[in-house]
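Enquirer: Have a look at the structure that comes next, please.
The values are calculated or read from the model by the stated rules, or taken from the named source; none is laboratory data. Because the structure is predicted, anything quoted here is derived from the model rather than measured. Note that we place each Cβ from the backbone using ideal geometry, even for glycine, and neighbour counts take in every protein chain shown.
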Amino acid sequence: MPEKEEIVVFDSGVGGLSVLNKMRTFLPNERYLYYGDISNAPYGKRETAEIQRLTLAAVEPLISEQTKALVIACNTATSAAIGLLRQKYTGFPVIGIEPALKPAVEYTRTAVKERMPCILVMGTDRTLLLPKYRALRSRFEKQARIVELPATGLVPLVESGKRDGSEVEALLRSLKASVAQFAFDAIVLGCTHFPFVSEAVLRVFGPVPQFDGGDGVARQTARLLRGREARDKGGEVLFLSSANTASEKERYETLCRALTERKETEVK
Ligand code: DGL
């Protein structure tokens with residue numbers, strides 16, 4: 001039996017690359033298969049059953065004897081389908097992502113004294129509505145005032161290669177208007193696409209610490225694979241997608257290259 005030697009990373013599009021980047025830092029010698037369901041993104045405004053169907057259908061052909069772990073690098077797909085995936089795949093760890101509310105609350109516990117801290121959670125419409133996030137929120141609502149901001153509209157911008165500039169900033173400003181009465185102590189980027197617009201978020205919302213779940217997922221995967229780390233795959237990635245046309249494929253490839261730039265590779 002050959003060694004299982006591939007970590008499958010799934011997202012509705014290119015957002016999961018923000019997680020893949022962290023995974024390659026924590027587990028630098030693995031081989032990765034990254035899949036973006038770009039022809040169906042964004043998932044964030046779809047119904048739960050549809051997200052479940054799309055996720056299960058996209059993941060199935062990616063799984064093989066070689067699969068060492070499956071990482072759902074998408075808050076929306078995790079919230080909708082992680083239970084179904086764990087039922088279906090039992091021979092390897094299935095790791096999901098959730099909005100990084102816990103690290104944000106931990107940060108405010110020491111940074112904000114003598115008043116209730118206020119935390120903004122940005123996510124897709126569906127993530128913020130689903131029971132998984134509602135349960136997470138209820139664990140922390142005694143420790144912080146938690147304000148949600150559905151921001152699925154940012155996803156198509158990132159998918160089209162826009163990370164900064166007037167369109168991203170204009171959308172962020174209009175989103176901010178709906179929560180203008182609050183002063184935030186921390187911002188949770190609860191969608192894996194959002195770390196790619198973090199500089200624009202900083203400009204629009206000001207110098208407030210931002211938290212995303214990528215680190216937690218990478219640490220958890222490394223912990224679950226301890227003792228079984230690959231030594232020689234060098235972090236190589238095979239990028240696959242549901243692109244239908246040559247131009248979609250080209251756009252995806254260009255974005256994958258741009259969003260996975262690794263400084264340490266340049267240094268070598
Ligand atoms: N990147 C995904 C997430 O973390 C979802 C984006 C979408 O397709 O709406 O929620």
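Enquirer: Do we have any residue at all in the range 178-188 that's crowded, with 24+ Cβ neighbours inside 10 Å and under 17 Å from Gly96 (Cβ atoms)?
Expert: Taking every residue of the range 178-188 in turn, at least one turns out to be crowded, with 24+ Cβ neighbours inside 10 Å and under 17 Å from Gly96 (Cβ atoms).
Enquirer: Does the range 1-44 hold any residues that are in contact with a Gly (Cβ under 9 Å, 6 or more places away or on another chain) and in a strand (DSSP E or B), and which are they?
Expert: Val9, Phe10, Asp11, Tyr32, Tyr34, Tyr35, Gly36
Enquirer: For Ala230, indicate whether it is within 24 Å of Val158 (Cα to Cα) and in contact (Cβ under 8 Å) with a residue 24 or more places away in the chain.
Expert: no
Enquirer: Given the conditions (1) more than 19 Å from Leu20 (Cα to Cα); (2) part of a loop (DSSP other than H, G, I, E, B), report the number of the one that Leu172 does not fulfil.
Expert: (2)
Enquirer: Which pairs do you get when a residue that is more than 15 Å from Gly15 (Cα to Cα) and at pLDDT 95 or above, found in the range 185-208, comes within reach of a residue that is in a strand (DSSP E or B) and polar (S, T, N, Q), reach meaning Cβ atoms under 7 angstrom, with the pair 6+ apart or on two chains?
Expert: Ile187/Gln210; Val201/Gln210
Enquirer: Could you list, in sequence order, the residues of the range 135-162 that are over 17 Å from Lys102 (Cβ atoms) and away from the ligand (no atom under 14 Å from the Cβ)?
Expert: Gly161, Lys162
Enquirer: Among the residues of the range 251-262, are any part of a loop (DSSP other than H, G, I, E, B), of a type in the set (A, V, I, L, M, F, W, C) and surrounded by 14 or more Cβ atoms within 10 Å (Cβ to Cβ)?
Expert: No, every residue in the range 251-262 fails to be part of a loop (DSSP other than H, G, I, E, B), of a type in the set (A, V, I, L, M, F, W, C) and surrounded by 14 or more Cβ atoms within 10 Å (Cβ to Cβ).
Enquirer: I'd like to check which strands (runs of 3 or more DSSP E) are fully inside the range 62-169 and have at least 2 residues that are touching a residue at least 60 places away in the same chain (Cβ under 8 Å).
Expert: Once the strands (runs of 3 or more DSSP E) in the range 62-169 are filtered for at least 2 residues that are touching a residue at least 60 places away in the same chain (Cβ under 8 Å), what remains is 67-72, 118-123.
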